[in-house]
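To start, the structure under review is shown below, and the notes come after it.
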Amino acid sequence: MSLFTFLKSRPIFWLSVAGTTVGGACFIKDLMQGCNFTKETDECNTVAIVTGSNTGIGKETVRELARRRAIVYMACRDMKKCEAAREEIVLETKNKFVYCRECDLASLDSIRNFVSTFKREQDSLHILINNAGIMRCPRMLTADGFEMQLGVNHLGHFLLTNLMLDLLLKSAPSRIVNVSSLAHTRGEINTTDLNSEHSYDEAKAYNQSKLANVLFTLELARRLKGTGVTAYAVHPGIVDTEIFRHMGFFSNFFAGLFVRPLFWPFVKTVHNGAQTTLYAALDPDLEEISGVYISDCKIQMPAPVATDTQLAKWLWAVSEKWTRAEILEVKTVKNTVPILKDVV
Ligand SMILES: NC(=O)C1=CN([C@@H]2O[C@H](COP(=O)(O)OP(=O)(O)OC[C@H]3O[C@@H](n4cnc5c(N)ncnc54)[C@H](OP(=O)(O)O)[C@@H]3O)[C@@H](O)[C@H]2O)C=CC1
Ligand SMILES: CC1=C(/C=C/C(C)=C/C=C/C(C)=C/C=O)C(C)(C)CCC1
C-alpha cells in the first residue's frame, strides 16, 4: 500500500487538506487587502459629495466620511437604494448630516438639477468624489446620446465637476477625487471614434473611460494650479462589489456559487476598497500635491499615455463641447492677490 493510498483512507488527512486550503485562502485574502487609512481627522463642517454611493466603494466612502462627522451628499440615481444605504449609515454613525439627492450621471439635465439643488442648500464644497461607475455593459446610450461608459464614467463627472468649481474654489483648500482604475493602463483614447459609433467593444470602452478619468485629473490639476483646489485619480484595487453586474461570468447564479468563491481570496472587501479614495480625499500630507495617480495609498506612475498633456487638453475640449459645460475662468491665487500697482 503506497503512502498516498494509506493517507487517502484517513479522515484526518482530508481534514488537514481542507484546513490548509481554508487557511491558505485566508492568508492570501489578508495579503490582498492593501492599505488602511487610519489617520484620524475631524471633518466636522467639511461638505462632501460622493457620486454612486448607494452601494460598493461609494457607500463605504460615505460611511467613513460620516464617521468622521462630515456633511455628506450621496448623489445617486436610485432614490430607494440611496435611502436604504443612508438610513444604515446614519444609524451606524449617528451622523444625521447625510443626505440623498438624485443625480443620474447618464443625463446632463439630471446633473444640472442636482447642482442647482445642492447650491440652494449649501454654499461650500470641500470634497467632490467622482466615484459612480459602470463596467462592460452592452452598448447603451445616455439620455444625451453618449456611449454609456464614457457618458457616466467620464462626461457626467466632467460636467458635474465644472459646475461645482465655483464652490470648490470658494471653499479651498478643497479636493476632487476621480475614481479611475488600473484598467486605464489598457486604455486608449479613440480620437476618431470617442463615442464608439463605428464599433463598440465593452472592455475597450471601459478602459477608455478610466483612462479619461486620469487625463481629466491631469488637466484639472493644470488648470487649478495655485488655487488650493487639488485633483487626484485613484485605483481602489480589485474590490468585491456590484461592478461585475454586466459580466455574466461573475454575476449569474452559477458564478455566485462556484466562480466567486474561487476569486474570494484575491479581492478586497469594500471597506478596504474605499481606503485609497479616503486617503486621497482626507490625508493632510496631500494638500500641496495635485494631478497624481494613487494606488494603495501611494502615489504611483500612471501609464505613459495618461501623462500626455496634449491628449488631456484634446479630451477636455471635446468634453466641454459635448456637455455644453460653462467653464469657469480660473484665476490662480497669485492673480487674485492684489499686487502693488493695483493697490497704489
Ligand atoms: N470594484 C472594483 O474592483 C473596481 C472598481 N473601480 C471603480 O470604482 C468605482 C465604484 O465602483 P464599485 O463600487 O466597484 O461598483 P458598484 O457597481 O458596486 O457601484 C457603482 C455605483 O455607481 C452607480 N452608478 C452607475 N451608473 C450611474 C448613473 N448613471 N448615475 C449615477 N450613479 C450611477 C451605481 O448606482 P446603481 O446601484 O443605481 O446602479 C452604484 O452606486 C467605479 O468608478 C469603478 O469603475 C475601479 C477599479 C476596480
Ligand atoms: C482574472 C484573475 C483575477 C480577477 C481579476 C478581476 C476580477 C479583475 C477585475 C477588475 C476590475 C473590476 C477593474 C475595474 O476597473 C484575480 C482574482 C486577481 C486572480 C487572478 C486571475
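The values are calculated or read from the model by the stated rules, or taken from the named source; none is laboratory data. Predicted, not measured: the structure shown is a model, and the values here were computed from it. Backbone-built Cβ (ideal geometry, glycine too); neighbour counts: all protein chains shown. Just so you know, the surface numbers come from the protein's heavy atoms only, side chains and all, with ligands and any DNA or RNA stripped out. Shrake-Rupley method; radii C 1.70, N 1.55, O 1.52, S 1.80 Å.
Quick look at the numbers
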read-out: Å² of accessible area per residue within the range 42-343, as computed with a 1.4 Å probe and no ligands counted; value: 46
read-out: Cβ-based charge dipole, the range 42-343, positive-most Cα from Thr142, Val177, Leu286; value: Leu286
read-out: Value of [θ]222 nm, deg cm²/dmol, for the chain, DSSP H segments ≥ 4, -39500 (n - 2.57) each, nearest 500; value: -12500 deg cm²/dmol
read-out: Sequence-separation-based contact order of the chain, relative, with Cα cut under 8 Å and 6+ spacing, percent; value: 19
read-out: Disulfide-incompatible cysteines by the Cβ rule (no partner under 4.7 Å) in the chain; value: Cys26, Cys44, Cys103, Cys137
read-out: The range 102-237 - Rg (one decimal) and Dmax (whole number), Cα, Å; value: 14.9, 44
read-out: Cβ charges +1 (Lys, Arg) and -1 (Asp, Glu), total dipole of the range 42-343, debye; value: 240
read-out: Residue among Gly52, Ser196, Val72 farthest towards the positive dipole end of the range 42-343, charges placed on Cβ; value: Val72
read-out: Of the DSSP H helices in the chain, those whose Cα atoms cover at least 18 Å axially and whose Kyte score averages -0.5 or more; value: 11-31, 79-93, 157-170, 202-223, 309-323
read-out: Share, in percent, of DSSP beta bridges within the chain that are antiparallel, nearest 5; value: 10
read-out: Cα centre as origin, Lys/Arg/Asp/Glu Cβ charges: the range 144-266 dipole, Debye; value: 560
read-out: Portion, in percent, of the accessible area of the range 42-343 that falls on carbon or sulfur, probe 1.4 Å; value: 55
read-out: Kirkwood hydrodynamic radius of the chain, from inverse mean 1/r over distinct Cα pairs, in Å; value: 21.4
read-out: Estimated inter-spin distance, Arg260 and Met140, nm [label 7 Å along Cα→Cβ]; value: 2.0
read-out: Relative contact order %, the range 160-281, counting alpha carbon pairs below 8 Å whose residues are six or more apart; value: 31
read-out: Qualifying trypsin sites (Lys or Arg not before Pro) for the range 93-158 [loop in DSSP, other Cβ within 10 Å: at most 11]; value: Lys94, Lys96
read-out: Listed residues Asn162, Ser295, Leu108: farthest to the positive end of the dipole of the chain (Cβ charges); value: Ser295
read-out: Separation of the Thr117 and Ile12 label points, Cα + 7 Å toward Cβ, nm; value: 6.5
read-out: Cα-centre dipole for the range 95-184 with unit charges at Cβ (Lys and Arg positive, Asp and Glu negative), debye to 20; value: 220
read-out: Cα-based convex hull volume of the range 190-344 per residue, rounded to whole Å³; value: 160
